[in-house]
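Asks: The structure that follows is given in the form of structure tokens.
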Amino acid sequence: MNKLRGRWMILLSFVFLYGCAQTNILDKVGLTTLVGYDVGTEDKIKTTAVIREVNPEFQSNVEVLSTENDTSKGNRMEANRKLSKKITVGQMRVILFGEELAKKDLRYYIDTNLENASVSNGIFMAIVEGETETLLKYEYQNIEDIGQHIFRLIEQNVKQEYMISSTLHQIAHDYYSSGKEFAMPIIKRDDELVELSGIALFKGSKMVSTLPAKDSFYVKIVRDTFKVGLYETVLENEDVPSEILQKPANKITVAFDAIQSKREMMLVDADTPTFDLNIKIKSRVLEVYPDINQGDPKSVAALEKAIEKKLSKEIRRVIAHSQEVESDIFGFGEKYRSEVRHSKLTKDKWQKIYKDMKVNVHVDFTILRDGVFE
């Protein structure tokens, strides 16, 4: 009995010592939650860090600090000289890049963060319209911790499939692939709010173009699959037979969710090259405005065909735009490399081939149940 009691006392001592050690560590460090990079003066790197400091009573204070140096490590040293606590990056959740810097080159920043063992591969990366310093240093009335706010903004939109995901791991995979380019979300400040405003397309490590945020649906459905999500599209009057409408209308707005998609990419001609892109979507239509006769199977079938036509058109538009800027964010090049033996495909070679590639888009849209029509 005495031996058992002794073991418990030793165990409890370790628990208390561990708790004290943790309190001591938090009291002495500043937790970097977000870092933004911009073009500095004289080719230096401008870094803006969001740092959370925790006192012994577990009350926290958020500092937003900007520095300039020749390297990111030099910037950390500069920041340490301005704070009373050692800066750590183990809690960093987001890396942002200013628009001007993204257009110049992000190679150094991708490699540096990959080589840093303290930086998680699951960290989100995004582009800022304008400078990251301006976005992060703005005094928001209802945002206490801008670093945590931006992390949650990106995380919840990725989980709900409203925006593409761009973690360090995903970016590195696409960057080092010979047949694929990477893309990142774009964020901006809108008065007192921060919003996701678009998608940045890259060629190599340079941003070459953008797409609006609504196009994230088309990008994701070609690159990946949908399991959940909500999307709204507008059908033109000529796309829907007039006899299914309850009243005349110039356009028809359709909202659908519970999306389940499956895509198949097939190389049908290696010389051109030409691909068949088959996308099957099963969805629940929530709203159609103006109303249609939901009890008529012919009306529902006509609506399915109209949505198929609309989605095919929009997917072709997004792919064509990526071809114009030679940014294969969809991975057609990876499919080409896996199918064509001895292709010796390089990123430069595929960029030239990609702009002349042909894609036959086929969408099969099925309404699982009608939902609510208004």
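The values are calculated or read from the model by the stated rules, or taken from the named source; none is laboratory data. Bear in mind the structure is a predicted one, so any value in this text is a computation, not a measurement. Methodologically, a virtual Cβ is constructed for each residue, glycine included, from the backbone with ideal geometry; neighbour enumeration extends over all protein chains shown.
Asks: Taking into account only those residues within the range 113-134 that are part of a loop (DSSP other than H, G, I, E, B) and touching a residue at least 40 places away in the same chain (Cβ under 8 Å), which is surrounded by the fewest Cβ atoms within 10 Å (Cβ to Cβ)?
Replies: That would be GLY122.
Asks: Additional query: Is it the case, given these coordinates, that PHE217 is crowded, with 18+ Cβ neighbours inside 10 Å, touching a residue at least 60 places away in the same chain (Cβ under 8 Å), on the phi < 0 side of the Ramachandran plot and not in a strand (DSSP E or B)?
Replies: no
Asks: Just the residues that are surrounded by fewer than 21 Cβ atoms within 10 Å (Cβ to Cβ) and under 17 Å from TYR109 (Cβ atoms), please, taken from the range 193-207.
Replies: Result: LYS203, GLY204, SER205, LYS206.
Asks: Ok, one more. Does THR366 fit the bill of being farther than 19 Å from SER216 by Cα, in contact (Cβ under 8 Å) with a residue 40 or more places away in the chain, assigned to a loop (DSSP other than H, G, I, E, B) and of a type in the set (S, T, N, Q)?
Replies: Considered against the rule, which asks whether it is farther than 19 Å from SER216 by Cα, in contact (Cβ under 8 Å) with a residue 40 or more places away in the chain, assigned to a loop (DSSP other than H, G, I, E, B) and of a type in the set (S, T, N, Q), THR366 comes out as no.
Asks: Only one of LYS180, LYS137, LYS103 is within 27 Å of SER327 (Cα to Cα) and surrounded by fewer than 17 Cβ atoms within 10 Å (Cβ to Cβ). Can you tell me which?
Replies: Step by step, each of LYS180, LYS137, LYS103 is checked, and only LYS103 is within 27 Å of SER327 (Cα to Cα) and surrounded by fewer than 17 Cβ atoms within 10 Å (Cβ to Cβ).
Asks: So if I check each of ALA255, ALA200, which one is of a type in the set (A, V, I, L, M), part of a strand (DSSP E or B), touching a Pro at 6+ places or on another chain (Cβ under 8 Å) and at negative phi?
Replies: ALA200
Asks: Can I ask one more? Check whether at least one residue in the range 205-213 is at pLDDT below 95, within 20 Å of GLY122 (Cα to Cα), assigned to a loop (DSSP other than H, G, I, E, B) and more than 12 Å from the chain's Cα centre (by Cα), and report yes or no.
Replies: Within the range 205-213 (the criterion being at pLDDT below 95, within 20 Å of GLY122 (Cα to Cα), assigned to a loop (DSSP other than H, G, I, E, B) and more than 12 Å from the chain's Cα centre (by Cα)), the answer is no, since none of the residues qualifies.
Asks: Looking only at the range 220-241, filter to residues that are touching a residue at least 60 places away in the same chain (Cβ under 8 Å) and closer than 18 Å to GLN156 by Cβ; which one of those is surrounded by the most Cβ atoms within 10 Å (Cβ to Cβ)?
Replies: PHE226
Asks: Separate question: Return the residues of the range 36-91 that are in contact with a helix residue (DSSP H, G or I) (Cβ under 8 Å, 6 or more places away or on another chain), at pLDDT below 65 and among the hydroxyl-bearing types (Ser, Thr, Tyr); say none if nothing qualifies.
Replies: Residues satisfying the conditions do not exist here.
Asks: Please give the number of the condition ASN157 fails out of (1) touching a helix residue (DSSP H, G or I) at 6+ places or on another chain (Cβ under 7 Å); (2) in a helix (DSSP H, G or I).
Replies: The number of the failed condition is (1).
Asks: Would you pick out the residues in the range 314-333 that are of a type outside the set (A, V, I, L, M) and in contact with a helix residue (DSSP H, G or I) (Cβ under 9 Å, 6 or more places away or on another chain)?
Replies: GLU314, ARG317, HIS321, SER322, GLN323, GLU326, SER327, ASP328, PHE330, GLY331, PHE332, GLY333
Asks: Let me ask something additional. Could you pull out the residue among ILE110, ILE164 that is part of a loop (DSSP other than H, G, I, E, B) and either in contact (Cβ under 8 Å) with a residue 60 or more places away in the chain or buried (at least 18 other Cβ atoms within 10 Å of the Cβ) (or both)?
Replies: ILE164
Asks: Of all residues in the range 288-308, which are of a type in the set (S, T, N, Q) and either without any contact (Cβ under 8 Å) to a residue 24 or more places away in the chain or not in a helix (DSSP H, G or I) (or both)?
Replies: Those that are of a type in the set (S, T, N, Q) and either without any contact (Cβ under 8 Å) to a residue 24 or more places away in the chain or not in a helix (DSSP H, G or I) (or both): ASN293, GLN294.
Asks: I'm trying to understand the selection: among the residues of the range 326-346, which are surrounded by 19 or more Cβ atoms within 10 Å (Cβ to Cβ), among the hydrophobic types (A, V, I, L, M, F, W, C) and assigned to a loop (DSSP other than H, G, I, E, B)?
Replies: Passing the criteria: ILE329, PHE330.
Asks: Follow-up question, since we're still on this one. Consider VAL285 against the criteria (1) modelled with pLDDT under 90; (2) more than 20 Å from the chain's Cα centre (by Cα); (3) exposed (fewer than 15 other Cβ atoms within 10 Å of the Cβ); (4) outside any helix (DSSP H, G or I): it satisfies all of them except one. Which criterion is unmet?
Replies: (3)
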